[in-house]
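Peer 1: Quick one: structure below, then a few questions.
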Amino acid sequence: MKMLTEEENREIDRERAHYEQPRAATIEALKIVQKHRGWVSDDAVAGIAARLGSSPAAVDAVATFYNLIYRRPVGRHVVHVCDSVSCWVMGQTKLSDLLKARLGIDYGQTTPDGRFTLLPICCLGTCDRAPAMLIGEDTHRDLETLDAAALDALLERYP
Amino acid sequence: MSDALNQRPLTARLLATDGVVTLDRYREAGGYEGLRAALAMSPEAIIASVREAGLRGRGGGGFPTAVKWSLVPDTPVQKYVIANGDEMEPGTFKDRLLLERDPHQLIEGMAIAARAIGASVGYVFLRAEYFEAARQVSAAIADAQAAGWLGDDLQGSGFSFHLHLHTSAGRYICGEETALISSLEGGRAIPRAKPPFPAVAGLFGKPTVVNNIETLCNVPHILRLGADWYRGLSRTDEGGTKLYGVSGKVRRPGCWELPMGTTAREIIETHAGGMRDGLKLRGFLPGGASTDFLTDAQLDLPMDYTHIAKSGSRLGTGTMILLDDRTSLLGMLRNLETFFARESCGWCTPCRDGLPWTAKLLGELEAGRGRPEDLELLARQTRLLAPGRTFCAHAPGAMEPLQSALKHFREDFERALAPAAIGEAA
């Protein structure tokens, strides 16, 4: 069974060359695999361990520690709502309630069509333009007065 | 431009352009001249210059940068310089500006730090969510390399410095320097016991210096314009400028480079435009989530390390979070402690168990189900999670807003007790 693709292995090897120990590239390897597949399966964990001379248990310990490594399938677009203090002061609860209502899901869930997964996230470092959220790699700011119609229009950009 | 650059060295360049400061623009405004000077100096002379400037760590600790550098042993082994760009302290959004808009300034600062300690390899450790910063830093590294400001034999000096970008996968504790090293080695971001300090045994067991992004961005200017000029930028004894920020219900939230020691009042009222109509300021966390509340009676304090420490808080990252009179203090604290509970690495018991307990007690109070003994329990948490009781500074940091809220805003806690509980107590 081939656990990682040639392309994944090539990208991992490129990162590995930046460190004096191969295992240091574990987080990069997890991110590379996730970029290609959307999430990190048990097979992928084993494949990374083999490539970096580590053990599946050690790689899984790392994978489960970091907020942005997904060990379960997620939707095509992950919506991360900042729920830290500045966003909370500026009305994050209203924003996350609106998202939950429009998407029909709670934190940690994926819409039935596999389009969106909703998760909370730590401070996004854009507190002067709170509340904020991340959809994929895009940071959306100044959402204090976002209503259902504006949210729907925003989500339309993520088919 | 040169006047502005003399007064606001870190941001004048980026404020003069819409997008990123390119290598050409950076060079036009004196960029890499600090490194050129450093390449002709001895490591000791570079460190002496940074010491005279009085530069202190801008990530929250305030540790003197030159002291950190001078702790690196003078031995011929592999050494490392790491830029801590894991900006995840809630309420903090200053390093993002420097990373996205002027990445060469950081690269130059890192190369000078590398020269000062004899490091040949460096890493920019960047939080996962800063995608734009990752693109800009990565492009700037390639440009600097092509122009001979990174790589082998910088500008014919014989000194080599190779720089790599590492993007993280999201965990607040990575900002703690020993946890950052654990993470960069490809493990869970668990803090390490000190000593040995990273300066002696850091990344892969080798001497390592970890500095905050803003700290490193100060370095080129000190080398280029000198320690006297740098000290003169400040309104107090502590050198330089500071990137201050304000978030919360003010008219113009934002981030500004101002003289070190600018008062909280000036930052909030002049730069942030004061509170929104109809709102009053009750208190503020001066430098991120893990700093003690100050109140409206402390607005005239100069925002520097010494003055804020004397007043019972910490300058932290210098980015303030404001509490107004219509925002629930208990809700804000519950939010803060929930964050710290979620981001505990789980290594030591007081932090792993104490923080969720704290968040739960605050949640009960916020919901009107508090019992009179909960106030004493919360006060006890602040003692059980005090410095020295836990493995790292995460939980003690989490206690700072709570202990100061219990001191300054006691009435909010008492008012939140369940009516039945108050009846019983009476």
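Rule-based calculations on the coordinates, nothing more; no lab input. Since the structure is predicted, the reported quantities are computational estimates derived from the model, not experimental observations. Because the Cβ atoms are built from the backbone with ideal geometry, glycine has one as well, and the counts that use them run over all protein chains shown.
Peer 1: List the pair-distance distribution P(r) of the protein assembly as shown, using every Cα-Cα distance, as the percent of pairs falling in each 10 Å bin from 0 up to the bin containing the longest distance, rounded to whole percents.
Peer 2: 3, 17, 27, 28, 17, 6, 1, 0, 0
Peer 1: Now a separate question. May I ask for the angle, rounded to the nearest 10°, between helix B:103-117 and the longest principal axis of chain B, with both axes built from Cα atoms and the value confined to 0 to 90°?
Peer 2: Compared with the principal axis, the helix lies near 80 degrees.
Peer 1: Give the separation of the Cα centroids, the stretch B:21-66 to the stretch A:26-51, in Å.
Peer 2: 39
Peer 1: Quote the Stokes-Einstein diffusion coefficient, in whole µm² s⁻¹, for chain A, based on the Kirkwood radius over alpha carbon pairs, a temperature of 4 °C and a viscosity of 1.567 mPa s.
Peer 2: D = 76 µm²/s.
Peer 1: Taking the simple approach of a point 7 Å from Cα along Cα-to-Cβ for both A:R102 and B:K407, what is their distance in nm?
Peer 2: 4.4
Peer 1: Further question: Can you tell me how the stretch B:207-264 classifies by the Cα gyration tensor, rounded, prolate or oblate, using a/c under 1.5 as the rounded cut?
Peer 2: Oblate, because a/c is 1.5 or more while a/b does not exceed b/c.
Peer 1: Report, in whole Å, the centroid distance computed from the Cα atoms of the stretch A:69-108 and the stretch B:298-322.
Peer 2: 33
Peer 1: Need one number: % antiparallel among DSSP beta bridges in the stretch B:122-279, to the nearest 5.
Peer 2: In the stretch B:122-279, DSSP labels about 60 percent of beta bridges as antiparallel.
Peer 1: Taking Cα centroids, how far is the stretch B:182-213 from the stretch B:107-130 in Å?
Peer 2: Answer, in whole Å: 14.
Peer 1: Can you pull the mean other chain C-beta count within 10 Å for peptide B:184-191?
Peer 2: The shielding value for this peptide is 6.
Peer 1: Is the shape of the stretch B:282-346 best called rounded, prolate or oblate, per the rule: a/c under 1.5 gives rounded, else a/b larger than b/c gives prolate, else oblate, with a ≥ b ≥ c the square roots of the Cα gyration tensor eigenvalues?
Peer 2: oblate
Peer 1: OK, next. Could I have the simple spin-label model distance between B:D353 and B:R276, label points 7 Å from Cα toward Cβ, reported in nm to one decimal?
Peer 2: 4.2
Peer 1: Here's a follow-up. To the nearest whole number, what is the average tally of beta carbon atoms from other chains within 10 Å of the beta carbons of peptide B:168-175?
Peer 2: Other-chain Cβ atoms within 10 Å of each residue's Cβ, averaged: 5.
Peer 1: Here is a follow-up. To the nearest 0.05, how large is the calculated FRET efficiency for A:T64 and B:A367 if R₀ is 35 Å and r is the Cβ-Cβ distance?
Peer 2: Working from the Cβ atoms, E equals 0.65.
Peer 1: Assuming R0 = 30 Å, can you tell me the calculated FRET efficiency for the pair B:A142 and B:A16, based on Cβ-Cβ distance, to the nearest 0.05?
Peer 2: Efficiency at R0 = 30 Å is approximately 0.80.
Peer 1: While we're here: With the contact rule set at Cα under 8 Å and sequence spacing of 6 or more, what percent relative contact order holds for chain B?
Peer 2: Once normalised by length, the contact order is 15 percent.
Peer 1: Per the Debye formula with a single identical scatterer at each Cα and no solvent contribution, what log10 I(q)/I(0) holds for chain B at q = 0.09, 0.10 Å⁻¹?
Peer 2: -0.56, -0.69
Peer 1: Counting partner chain Cβ atoms within 10 Å of every residue's Cβ in B:241-249, what's the average?
Peer 2: Whole-number average of other-chain Cβ neighbours for B:241-249 is 3.
Peer 1: For chain A, give me the percentage of DSSP beta bridges that are antiparallel, rounded to the nearest 5 percent.
Peer 2: Just about 55 percent of them are antiparallel.
Peer 1: Report, for the protein assembly as shown, the % of DSSP beta bridges that are antiparallel, rounded to 5.
Peer 2: 45
Peer 1: Going down the table (A:K94/B:K249; A:K94/B:K360; B:K79/B:K194; B:K68/B:K94; B:K194/B:K242), which pairs top 25 Å between alpha carbons?
Peer 2: Distance filter (> 25 Å) returns B:K194/B:K242.
Peer 1: Show that you can apply the helix-only estimate: for chain B, add -39,500 (n - 2.57) for every DSSP H stretch of four or more residues, divide by all residues, and state [θ] at 222 nm to the nearest 500.
Peer 2: -12500 deg cm²/dmol
Peer 1: Using only Cα atoms and rounding to the nearest 10 degrees, what angle (0 to 90) does helix B:329-343 make with the longest principal axis of chain B?
Peer 2: That helix lies at roughly 50 degrees to the long axis.
Peer 1: Now for a different question. Which value at 222 nm does chain A reach when only helices count, each DSSP H run of 4 or more adding -39,500 (n - 2.57), with the total divided by all residues and rounded to the nearest 500 deg cm²/dmol?
Peer 2: Calculated from helices alone, the mean residue ellipticity at 222 nm is -12500 deg cm²/dmol.
Peer 1: Something else about it: To test your reading of the geometry: what angle, between 0 and 90 degrees and rounded to tens, separates the Cα axis of helix B:394-408 from the longest principal axis of chain B?
Peer 2: That helix lies at roughly 50 degrees to the long axis.
Peer 1: Let me ask something additional. What is the sum of charges around A:R102, taking Lys and Arg as +1, Asp and Glu as -1, for the other residues whose C-beta is under 11 Å from the C-beta of A:R102?
Peer 2: -2
Peer 1: Below 11 angstrom from the Cβ of B:L285, what's the summed charge of the other residues (Lys, Arg +1; Asp, Glu -1)?
Peer 2: My count for the surroundings of B:L285 gives -2.
Peer 1: For chain A, what is the relative contact order in percent, using Cα pairs closer than 8 Å and at least 6 residues apart in sequence?
Peer 2: Reported relative contact order: 18 percent.
Peer 1: Could you give the nm distance between label points at A:T145 and B:E44, where each point is 7 Å from its Cα heading toward the beta carbon?
Peer 2: Each label point is offset 7 Å from its Cα along the Cβ direction, giving 6.3 nm.
Peer 1: Next question. For a test of the definition: using alpha carbon positions, the gyration tensor, and the 1.5 limit on a/c, classify the stretch B:167-296 as rounded, prolate or oblate.
Peer 2: In terms of gyration-tensor shape, oblate.
Peer 1: Rounded to whole Å and sorted largest first, what semi-axes of the equivalent ellipsoid does the C-alpha gyration tensor of the stretch B:2-232 yield via the square root of 5 times each eigenvalue?
Peer 2: In descending order, the three semi-axes are 24, 21, 17 Å.
Peer 1: Based on the alpha carbons, how large is the Rg to Rh ratio for the stretch A:6-65 when Rh follows Kirkwood?
Peer 2: Taking Rg over the Kirkwood Rh, I get 0.91.
Peer 1: Could you grab the relative contact order for the stretch B:329-425? Cα pairs under 8 Å, six or more apart, rounded to a whole percent.
Peer 2: 34
Peer 1: Within 10 Å, count the other beta carbons around each residue, average over each peptide in B:400-410, A:101-111, A:147-157, and list them highest first.
Peer 2: Packing order, densest peptide first, comes out as B:400-410, A:101-111, A:147-157.
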